[in-house]
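Colleague: Quick one: the structure is below, questions incoming.
Rule-based calculations on the coordinates, nothing more; no lab input. Keep in mind the model is a prediction, meaning the values are calculated, not measured. Here Cβ is always computed from backbone atoms with ideal geometry, including for glycine, and neighbour counts include all displayed protein chains.
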Amino acid sequence: MVATSNLTYAYKNEEILVFPDIELSTGQHLLVLGPSGVGKTTFLYLMAGLLPPFGGNVSIAGMELNSLSRNQMDTFRGEHIGLIFQQYHFITSLNVLDNLRLRQSFTKNMNDPQRRKELMERLGLSEHLNKKVATLSQGQQQRLSIALGLIHKPKIIFADEPTSNLDDFNCAQVLELLREEAGICGSSLLIITHDQRVMSHFQNQVML
Amino acid sequence: MNLAYLAYKNMISKPLNLLMSLLLLLLSVSLVTFVLQLSQQLGGQLSRNIAPFDMVVGAKGSPLQLVLSSILHLDAPTGNIKLKDIAQLQKHPFVQHAIPVSYGDNYKSFRILGTGHDYLTLYNAQLSEGILNKESFEAVAGSIVAQRLGLQVGDNFISSHGLADSGGNVHDEHPFVLKGILKPTGSVVDQLLITNLESIWEAHDHDDARHQEENLLENGNHKKGAKVGEELHREKEITSLLVKFKSPLGMIQLPRFINENTTMQAALPGFEVQRLMGLLGSGVQTINGIALAILLVSALSIFISLLKTIRERKQELALLRIYGLRTGQLFRLVLLEGLFLALIGFVLGWLLGRLAIWAVSQYTQVSYGYGLRVNGPEIFEFFLLGLILLLAAIATLLASRSIYNLNVAKTLSNA
């Protein structure tokens with residue numbers, strides 16, 4: 001599902017970052033561990049096609065990202081890739097429901113109300129659909145952020161430090177949630193973190 | 001969900017920004033449309049009213065005043081002329097129509113005009129009910145007079161002296177009978193009560209003996225009554241003669257002849273109205289200039305407001321790229337927001353302009369007897385809308401250049 005080979009990246013006037021080759025098959029989960037500053041997020045952005053690599057290749061679902069134009073990359077990403085950020089990003093002028101509808105609107109499997117309803121019920125957000133995003137609690141925002149990363153049933157879900165702001169109890173819950181939802185979508189899951197607590201939850205691990 | 005919905009939501013999420021841009025746009029649009037409507041309708045009414053006549057002959061004085069008083073019924077007359085002095089003119093080979101008019105009385109501020117039926121014919125005035133006046137002290141009413149005073153065919157009314165309703169000095173020996181009501185013509189006829197010339201003469205013949213002294217004290221606005229009664233019986237007078245030429249030669253020869261060789265004055269309504277509109281036109285241009293300046297400022301305000309919004313929303317725009325929107329769609333999103341703003345501003349401004357026309361009309365109707373119509377959109381206004389949309393589009397595209405260089409990865413990690 002996801003494969004990288006000889007992936008490198010260089011920021012201006014800095015040393016070249018070299019990333020390990022990884023290979024992840026459909027439905028498989030992978031934890032990428034490493035201390036702060038080794039380029040974990042850069043690795044994730046390269047795999048999600050948000051940064052063009054200095055050298056090497058990324059292929060997702062058999063598609064070479066290097067071969068896609070900027071517009072093709074946007075469309076491909078919107079459809080097949082789910083991203084969950086360390087910091088939550090929402091469209092603040094829209095309410096919860098409209099944020100979810102927006103996420104579904106520019107992909108091929110347009111506007112699936114059934115999927116939306118079920119997901120909101122499982123994440124306990126059904127009561128808050130008409131609220132402004134800013135009025136949600138931290139935990140609710142976290143769950144909405146996860147929902148936005150996978151409501152469109154992506155082939156691969158990338159999660160960047162999803163647990164860094166959470167206490168032990170919530171950390172375990174969020175990881176369980178991610179694993180469960182990825183399972184329901186049949187998606188591969190790749191988590192990037194420096195959080196040691198996550199290690200025990202995943203067997204498949206790579207150190208950066 | 002489509003881009004239009006998101007653009008709309010984004011637009012209303014910052015009400016203060018929205019208000020500022022809207023107000024400027026609204027101000028300029030309402031100013032332009034209002035002034036244009038005003039000058040167009042004024043010019044239209046003036047030219048409609050003077051259309052039947054090429055020349056006015058009256059007592060010496062200001063030619064503009066003669067035209068305003070005798071044709072448009074806006075001013076006081078310059079004086080009277082003797083019926084015998086115009087007899088020759090009426091038979092002149094260059095003259096097609098020469099219609100004597102006489103006035104000086106009013107009923108509840110609406111002027112009573114003594115003239116012949118050919119006056120009505122030239123304004124294409126037709127009866128909507130009743131019959132035309134035949135005998136003395138029979139009258140027909142213009143549509144606005146009838147409507148405003150609630151007059152019915154068969155009603156009696158008593159004229160009073162002067163051109164405005166002063167309350168006193170009524171010709172109560174001679175009540176008029178309303179014989180007919182005219183259809184709306186869109187011309188000055190709508191504002192008049194029309195009778196024959198004899199009614200005006202007779203009303204004043206009888207009154208003269210009684211009012212001689214007080215009339216002498218009045219100023220020259222109404223000279224008919226100021227004449228000694230005896231003289232008036234012998235020499236009939238009219239206020240002015242409205243002339244339509246048969247041949248353009250008349251226009252060249254007759255006015256000059258009258259002005260140089262008689263005690264009367266000839267004025268050309270077309271020329272006088274053009275002079276008046278020329279004065280008005282420079283005012284209109286000045287206001288249009290100001291409105292254009294405000295329009296440019298409003299485009300600048302939309303530009304600044306969008307520029308600010310795009311900076312503030314950089315992360316959301318990056319997020320939309322994650323959601324599968326292409327750069328072109330982000331442009332379209334911001335463009336739609338700018339165009340919405342322009343469209344709403346235009347529509348509200350247009351409505352405000354028409355509201356102002358309506359309000360001014362209420363005033364002019366009472367003060368001058370001329371109302372204004374609240375018209376639907378005009379072709380020029382569609383051009384104005386196009387111009388505003390174009391300006392908004394340019395402002396938006398200039399403001400959204402940064403979208404093209406948006407670095408999604410960097411923008412999202414700098415949260």
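Colleague: Relative to the compact-globule scaling 2.2 N^0.38 Å, provide the ratio for the alpha-carbon radius of gyration of region B:234-283.
Modeller: 1.46
Colleague: For helix B:379-399, report the angle its Cα long axis makes with the longest principal axis of the Cα atoms of chain B; keep it between 0 and 90° and round to the nearest 10°.
Modeller: 20
Colleague: Within chain B, what's the longest run with no GluC sites (Glu not before Pro) in a DSSP loop and at most 13 other beta-carbon atoms within 10 Å? Give the range, please.
Modeller: B:236-377
Colleague: Distances over 45 Å make up what percent of all Cα-Cα pairs in the protein assembly as shown?
Modeller: Cα-Cα pairs in the protein assembly as shown separated by more than 45 Å: 49 percent.
Colleague: Going by alpha carbons, how many degrees (0 to 90, nearest 10) lie between the helix axis of B:269-312 and the longest principal axis of chain B?
Modeller: 20
Colleague: Further question on the same structure: Work out from phi, with θ = phi - 60° and the Karplus expression 6.51 cos²θ - 1.76 cosθ + 1.60, the ³J(HN,Hα) of each residue of region A:178-190, listed in order in whole Hz, and give x for Gly and Pro.
Modeller: Per residue, the Karplus-derived 3J(HN,Hα) values read 4, 4, 5, 5, 4, x, 5, 7, x, 8, 6, 10, 10 Hz.
Colleague: Determine the shape class of region A:2-53: with a ≥ b ≥ c the square roots of the Cα gyration tensor eigenvalues, call it rounded for a/c under 1.5, and otherwise prolate if a/b is greater than b/c, oblate otherwise. Don't jump to the answer; show the numbers that get you there.
Modeller: Values: a/c = 2.15, a/b = 1.64, b/c = 1.32.
Prolate, because a/c is 1.5 or more and a/b exceeds b/c.
Colleague: Another one. For region B:276-389, rounded, prolate or oblate, judged on the Cα gyration tensor with a ≥ b ≥ c (square roots of eigenvalues), a/c < 1.5 rounded, else prolate if a/b > b/c?
Modeller: prolate
Colleague: Continuing with this model, one more query. What nm distance separates the two modelled labels at A:ASN130 and B:ARG401, each placed 7 Å from Cα along Cα→Cβ?
Modeller: Between A:ASN130 and B:ARG401, the label points sit 4.5 nm apart.
Colleague: GNM, chain B, Cα, under 10 Å: largest mean-square fluctuation among B:ILE294, B:ILE12, B:ILE99?
Modeller: With Cα springs under 10 Å in chain B, the top fluctuation among B:ILE294, B:ILE12, B:ILE99 is at B:ILE12.
Colleague: Among B:GLY376, B:GLY283, B:GLY104, which one shows the highest mean-square fluctuation when chain B is modelled as a Gaussian network with alpha-carbon springs under 10 Å?
Modeller: In this elastic network of chain B, the residue with the biggest mean-square fluctuation among B:GLY376, B:GLY283, B:GLY104 is B:GLY376.
Colleague: Among B:VAL188, B:ILE304, B:GLY61, flag the residue with its Cα farthest along the positive direction of the charge dipole of chain B, charges on Cβ as +1 for Lys/Arg and -1 for Asp/Glu.
Modeller: B:ILE304
Colleague: Calculate, for B:SER62 and B:ASP118, the FRET efficiency according to 1/(1 + (r/R0)^6) with r their C-beta to C-beta distance and R0 35 Å; round to the nearest 0.05.
Modeller: So the FRET efficiency works out to roughly 0.85.
Colleague: Right, another one. Run down the aspartates and glutamates and flag those whose C-alpha is under 17 Å from the C-alpha of B:LYS84, throwing out any fewer than 8 positions away in its chain.
Modeller: Straight-distance partners of B:LYS84: B:GLU198, B:GLU230, B:GLU231, B:GLU235, B:GLU237.
Colleague: Further question: About the Cα centre, and with charges only on the beta carbon of Lys, Arg (+1) and Asp, Glu (-1), how big is the dipole of region B:29-97? Nearest 20 debye, please.
Modeller: Computed about the Cα centre, the dipole is about 220 debye.
Colleague: What is the angle, in °, between the Cα long axis of helix B:3-12 and the longest principal axis of the Cα atoms in chain B? Nearest 10 is fine, range 0 to 90.
Modeller: Taking the Cα atoms of chain B, the angle to B:3-12 is about 70 degrees.
Colleague: Right, something else. Can you give the extra length, in nm with one decimal, that the chain gains between B:LEU19 and B:LYS410 once fully stretched, where that is 0.36 nm per residue apart less the Cα-Cα distance?
Modeller: My answer for the length gained is 137.5 nm.
Colleague: Calculate for chain B the 222 nm mean residue ellipticity that helices alone would give, adding -39,500 (n - 2.57) per DSSP H run of length 4 or more and normalising by residue count, nearest 500 deg cm²/dmol.
Modeller: Calculated mean residue ellipticity at 222 nm is -19500 deg cm²/dmol.
Colleague: Using a Förster radius of 51 Å, what is the FRET efficiency between A:SER200 and B:ASN288 based on their Cβ-Cβ separation? Nearest 0.05, please. Show your work: numbers first, answer last.
Modeller: Values: r = 76 Å, r/R0 = 1.49.
So the FRET efficiency works out to roughly 0.10.
Colleague: Would you compute, for the Cα atoms of chain B, the largest minus smallest coordinate along each principal axis and list the three values in descending order, in whole Å?
Modeller: 105, 46, 38
Colleague: Chain A: longest stretch without exposed GluC sites (Glu not before Pro) (DSSP loop, at most 10 other Cβ within 10 Å), sites themselves excluded?
Modeller: Longest run free of exposed loop sites: A:16-208.
Colleague: Then there is this: Considering only DSSP beta bridges with both partners in the protein assembly as shown, what is the antiparallel share in %, to the nearest 5?
Modeller: 65
Colleague: When the Cα centres of region A:156-208 and region B:245-320 are compared, how far apart do they sit, in Å?
Modeller: That distance is 70 Å.
Colleague: Now a separate question. Sticking to Cα atoms, compute the Rg of region A:87-205 to one decimal and its Dmax as the biggest Cα-Cα distance, whole number, in Å.
Modeller: So, for region A:87-205, Rg and Dmax equal 14.0, 40 Å respectively.
Colleague: Need the list of lysines near A:LYS117 for cross-linking: C-alpha distance under 26 angstrom, and skip anything on the same chain fewer than eight residues off.
Modeller: Those lysines meeting the cut-off are A:LYS108, A:LYS131, A:LYS132, A:LYS153, A:LYS155, B:LYS9.
Colleague: I would also like to ask the following. Check cross-link reach from B:LYS246 to the lysines: straight Cα distance under 20 Å, and skip same-chain residues fewer than eight apart.
Modeller: By straight Cα distance, B:LYS246 reaches B:LYS91.
Colleague: Where nothing but the Cβ of Lys and Arg (+1) and of Asp and Glu (-1) is charged, how large is the charge dipole of chain B around its Cα centre, in debye to the nearest 20? Display every interim value, and only then the final one.
Modeller: On the way: 34 positive and 32 negative charges, 634 e Å.
Computed about the Cα centre, the dipole is about 3040 debye.
Colleague: While we're here: Using a Gaussian network model on chain B with a 10 Å cutoff between Cα atoms, which of B:TYR370, B:TYR107, B:TYR404 fluctuates the most?
Modeller: Most flexible of the set in this elastic network: B:TYR404.
Colleague: So what's the projected area for region B:22-67, the Cα convex hull averaged over all directions, in nm²?
Modeller: On the way: hull surface 17.0 nm².
With the hull built on Cα positions only, its mean projection is 4.3 nm².
Colleague: Taking amide hydrogens as modeled 1.01 Å from N in the peptide plane, which residues meet the under 5 Å criterion relative to B:GLU237, leaving out close sequence neighbours?
Modeller: When sequence neighbours closer than 5 places are left aside, the close amide H contacts are B:LEU83.
Colleague: With Rg and the Kirkwood Rh both taken from Cα atoms, where does Rg over Rh land for chain A?
Modeller: 0.96
Colleague: List every residue whose amide H lies under 5 Å from the amide H of A:LEU30, counting only residues 5 or more places away in sequence or on a different chain, with H placed 1.01 Å from N in the peptide plane.
Modeller: A:LEU189, A:LEU190, A:ILE191
Colleague: For region B:35-122, what is the Kirkwood hydrodynamic radius in Å, using each pair of distinct C-alpha atoms?
Modeller: Roughly 14.5 Å, rounded to one decimal.
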